[in-house]
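Any read-out appearing in this document is the output of simple, stated calculations on the displayed coordinates, not a laboratory observation. The model shown is predicted, which means the values in this text are computed figures rather than measured ones. We place every Cβ from the backbone using ideal geometry, glycine too, and count neighbours over all the protein chains shown.
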Amino acid sequence: MKNVHNRETIVESQYKTAEIENKWQQEWLRQGLDKTPENSEKQKFYALSMFPYPSGNLHMGHVRNYVITDVIARFKRLQGYSVLHPMGWDAFGLPAENAAIDRGISPEEWTKKNIAKMRQQLQSLGLSIDWEREITTCSPSYYKWTQWLFLQFYKVGLAYQKEATVNWDPVDQTVLANEQVDTEGYSWRSGAKVEKKLLCQWFLKITDYAEYLLNDLNTLKGWPDSVKLMQKNWIGKSLGAHIQFPVKDTKKSISIFTTRPDTIYGVTYLVLAPDHPLVMTIAKPEHKEKIRKFTQEVANESEIERTADDKPLKGIFIGAEVINPFSGDEIPVFIASYVLLDYGTGAVMGVPAHDNRDFKFATEQQLPVKVVVIPKNSNSRETTQLSLKEAYIESGTIINSEQFNGMYSEDAKAAVIEYAKKHSIGEAKVQYRIRDWLISRQRYWGCPIPIIHCSDCGTVAIPDSQLPLELPKNVEFTGRGSSPLEGLKEWVNVPCPNCGKLAKRETDTMDTFIDSSWYYLRYTDSKNSQEIFNPDKAKYWAPVDQYVGGVEHAILHLLYSRFLTKFLKNQKLIDINEPFKNLLTQGMVQGITYKNLKTGKYIPCDQVNSAKPTDPVTGDDLEAFYEKMSKSKYNGVDPQEVLEKYGADTARMFILFKAPPEKDLEWSSSDVEGQFRFLNRVWRLVHLYIQNKNNKTQSKTLTKNEKDLKRSIHTIIKEVSQDLEENYQFNTAIAELMKLSNVLNDFKDINSSVYQEGIVALLTLLSPFAPHISEELWHSLGYKESIHLQKWPSVDNQALVLDEVTIVIQAMGKTKGTIQAPANSSNEELEKLARNSEIGKRLLNKKEIKKTIVVPQKLVNFVLINNN
């Protein structure tokens, strides 16, 4: 038969991306192929991407995130699962409020426009999203239930209000979350140096769940170890003791927390946080002015600045002493920048001989160093001399500690705590680094806190029947001062729900992390107006089987979601412990970046000759490197430009092929071109088959070439299935698809039933990655139903069995050639075949065999007698 793959006969057709992709996107929306009713007869799979903030423009990080999840969702549908793959918008937050200030447009209008634009962009990627379940966190129908959740916390005492030191932006005059302050202590919002300020704020008591959150990390087998370690460190469990140090000449005492009670006799000073309530009470009068100045100086520093290892340990003596309750020593009291009021007790004991930070502070303040722990089997005098140069922070033998001398550190810890408890001067204590979740924000564009402040009744919850408490519309945005809500007297001043007396609404709104901590549950029943979600629907879908998002959310968002899930289980609203069964943190998308090292300026890529990168203004040589795409680095690639030039399928294929999903991806235009060429090869391959196939009856007996082709097809089905099922190695799966297209391209008989099987397998395997071209070619083959409603190809294990294997023939361990042999040949049969082959006859001519070594299905080695 004529080889129809000859270059002269190739149909020079191109995959008309825009026309075809738009056609199928509209068709899928019309048919509602992605609706996901609960189906108890099917196993469920919940695939979820972290939902976006509606900025108005997709970036390549978005594209990667959503395409990864979409491939997983499509693959699971083809496997027969009932798949939930929803999308929504994390729509509250400061950017919309800033837009209102800058553009003279309401946050709501700005947000809705951005959502409409981004929804269209997401649809253009061919994502199999159930848009009927779409949620928007700034919609009253959603934040009604966010408010309801807050009230559930409030009713059981887990939502409370207290005065707290907060990050204060002195320009915008609002509280900032820790994540809104950069590493240098500046506001990301205004650029101002962040101050510390004492304000009355709302908190959720996440510390009550610290132990659950820590222990249940062990159940998250499908999470990256690095993420679990970050959460473990953020929770920061420490086992130690509280010990009371009496203040000299007073009836007061200072409680400290320490993880090293075994070093109690080595304490040479005590340090309080500058804002500790006892500072001014116990300080000598002549020190108070200096204390005020120091406290004000520290208040202007961020927490990161205060606790950084590379920063000087600033502190001053306050003129007070405490008594070591064990040794009786009088110990000076300092305040220092590195001690924080809301960590531990806000007071620490200084043991410079056995703590690096304490050693550094003692050296700067010229305080004594007293050794109380030495390595086992060491000379105490030698160790004391060494300790003057550095701290010894390991466990060891206790010295200079009266009745505890000679004990090993771990034994001494328990003994010291027991002594403290017996004499009512201390007790064992578990301490956590994590603090209660501060959720108050002094801004308009957030979920209103459903609380009313009454002078008689105190804080009063708004009745459930009055939810949602909606944001008022008539708001003026200045960007300065307190929350815009405070100026709306008609909204603020309301009757108390309890006594009817005139009261005031709470004008703080909630942290947006609240909205994103439970959204995955709302997707299960997003249109329910009577309850937060139907328990049966939540039970069917939750937890999320595969969650995909950036590692930058590894701590806060994921920790808060876990906290909320555990709370809801305690309230008997759900029956799961964890929200996300498996977590994939995709790497960043990086672009080629050009920087002038002399000026420090970044140069836009379109102004640089990549062959010889020089500054178009100065002529200086530029450094070229890959870095996360960002506007400030001028290295971003607009997804819309890629979609317009190459289409969504090409963009998807590149994103998936360039790097494993958890690794960073370096953007390369040539690699994008490569994927475009591959899809066009598939296009031509299928159209050549359509044009040249006939309906002649095929022999039921397969030829050797057909068996080889069938084996290749099913080997690739097996490999692609494993890549998608086990570890999401999309890049190697696509490589297998390229291999299958090459195998089909090289096969001579287009009319073979095995060739048709290969074409069908290629398109089905390709469909999760490139859904539009797969759908178009599928229908071109004459199929009526969508390719995305087909079954994932199953592996024919019989086809994988080899009829023949290649056997290497050796003499004295050196290869002399190969022969073909039946795959099921015994060792005796292989030896006989090797002897009788042309290679064997030539090799063994007039030579004597000492022994024959046979490795089944691999080789026959003749060991010959050397007759010279």
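Structure data summary
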| quantity | calculated |
| --- | --- |
| Under 21 Å from the Cα of K389 - lysines, other chains or at least 8 residues apart | K311, K314, K360, K370, K376 |
| Candidate lysines for bridging to K832, where Cα separation is under 27 Å - those fewer than 8 sequence places away on the same chain excluded | K704, K707, K814, K816, K841, K846, K847, K850, K851, K858 |
| Span per principal axis, largest first, for the Cα atoms of the stretch 456-498 (Å) | 34, 23, 14 |
| C-alpha center-to-center spacing [the stretch 398-454, the stretch 69-95] in angstrom | 42 |
| The stretch 42-99 pair-distance distribution - Cα-Cα, 10 Å bins, rounded % | 21, 40, 25, 11, 2 |
| K704-T806 FRET efficiency (beta carbon distance; Förster radius 22 Å; 0.05 resolution) | 0.95 |
| Three-way shape label, the stretch 672-738, alpha-carbon gyration tensor, a/c 1.5 | oblate |
| Relative counts (whole %) of C-alpha pair distances in the stretch 542-698, using bins that are 10 Å wide | 9, 23, 22, 20, 15, 8, 2, 0 |
| The stretch 589-628: radius of gyration over Cα atoms, expressed as a fraction of 2.2 N^0.38 Å | 1.05 |
| Cα-based convex hull volume of the stretch 1-151 per residue, rounded to whole Å³ | 187 |
| Three principal axis lengths of the stretch 804-864 [C-alpha, angstrom, descending] | 30, 19, 18 |
| Share of Cα-Cα pairs in the stretch 510-590 lying beyond 22 Å, as whole percent | 25 |
| Percent of C-alpha pairs per 10 Å bin, the stretch 351-504, short to long | 9, 22, 17, 8, 10, 19, 13, 2 |
| Fewest-first ranking of R77, R435, using other Cβ atoms within 10 Å as the exposure measure | R435, R77 |
| q = 0.17, 0.18, 0.23 Å⁻¹: log10 I(q)/I(0) that the Debye formula gives for the stretch 456-546, counting C-alpha atoms only | -0.93, -0.98, -1.18 |
| Interchain or long-range residues, amide H under 5 Å from T593's placed H | F625, Y626, E627 |
| Footprinting exposure proxy for E706, E402 (fewest neighbouring C-beta atoms within 10 Å first) | E402, E706 |
| Cα coordinate range in the stretch 740-868, projected on the principal axes (Å, largest first) | 73, 24, 23 |
| Prolate/oblate/rounded call for the stretch 71-160, Cα gyration tensor, a/c under 1.5 rounded | oblate |
| E666 long-range amide H proximity, modeled H, under 5 Å | Q590 |
| Amide proton proximity set for Q201, modelled H, under 5 Å, gap of 5+ | K162, E163, A164 |
| Stretchable slack from A299 to A624, in nm (0.36 nm times residue separation minus alpha-carbon distance) | 112.9 nm |
| For the stretch 665-800, convex hull of alpha carbons as volume per residue, Å³ | 117 |
| The stretch 195-207 - phi-based ³J(HN,Hα) in whole Hz, Karplus 6.51/-1.76/1.60, Gly and Pro as x | 10, 9, 9, 8, 9, 7, 10, 9, 10, 10, 7, 5, 4 |
| Where Rh is the Kirkwood radius over Cα pairs, Rg/Rh for the stretch 138-230 | 1.06 |
| Reduced Cα scattering model of the stretch 562-636, Debye log10 I(q)/I(0), q = 0.17, 0.21, 0.26 Å⁻¹ | -0.65, -0.86, -1.10 |
| Per residue Cα convex hull volume in Å³ - calculated over the stretch 465-622 | 232 |
| Order of H714, H85, H453 - criterion: other Cβ atoms within 10 Å of each residue's Cβ, fewest first | H453, H714, H85 |
| Calculated FRET efficiency for the pair Q43/I425, C-beta based, R₀ 41 Å, to 0.05 | 0.10 |
| Semi-axis lengths (Å, descending) of the ellipsoid that matches the C-alpha gyration tensor of the chain | 62, 41, 27 |
| Estimated D of the stretch 336-435 in µm² per second, where Rh is the Kirkwood radius over Cα pairs and Stokes-Einstein applies at 37 °C, 0.692 mPa s | 217 |
| Sites A18 and T459 - FRET efficiency at Förster radius 56 Å, r taken between beta-carbons, to 0.05 | 0.45 |
| Charge dipole magnitude, Cβ of K and R +1, D and E -1 - the stretch 804-864, Cα centre, debye nearest 20 | 380 |
| Gained length - E364 relative to L789, 0.36 nm times residue gap less alpha-carbon distance | 145.8 nm |
| P(r) tail fraction, the stretch 237-432 - alpha-carbon pairs more than 23 Å apart, % | 42 |
| Computed over the stretch 134-177, Cα set: Rg, Dmax in Å | 14.7, 38 |
| Stokes-Einstein D (µm²/s) once Rh is taken as the Kirkwood radius of the stretch 715-765 over alpha-carbon pairs, at 20 °C in 1.002 mPa s | 189 |
| For the stretch 727-743, Karplus couplings with θ = phi - 60° (6.51, -1.76, 1.60), whole Hz, Gly/Pro x | 9, 6, 8, 4, 5, 6, 5, 5, 4, 5, 5, 4, 4, 5, 5, 5, 4 |
| Derived scalar couplings ³J(HN,Hα) [the stretch 159-167; Karplus, 6.51 cos²θ - 1.76 cosθ + 1.60; whole Hz; x for Gly, Pro] | 10, 8, 10, 7, 6, 8, 7, 10, 6 |
| Size descriptor, Kirkwood hydrodynamic radius, that averages inverse alpha-carbon separations across the stretch 655-697, Å | 12.9 |
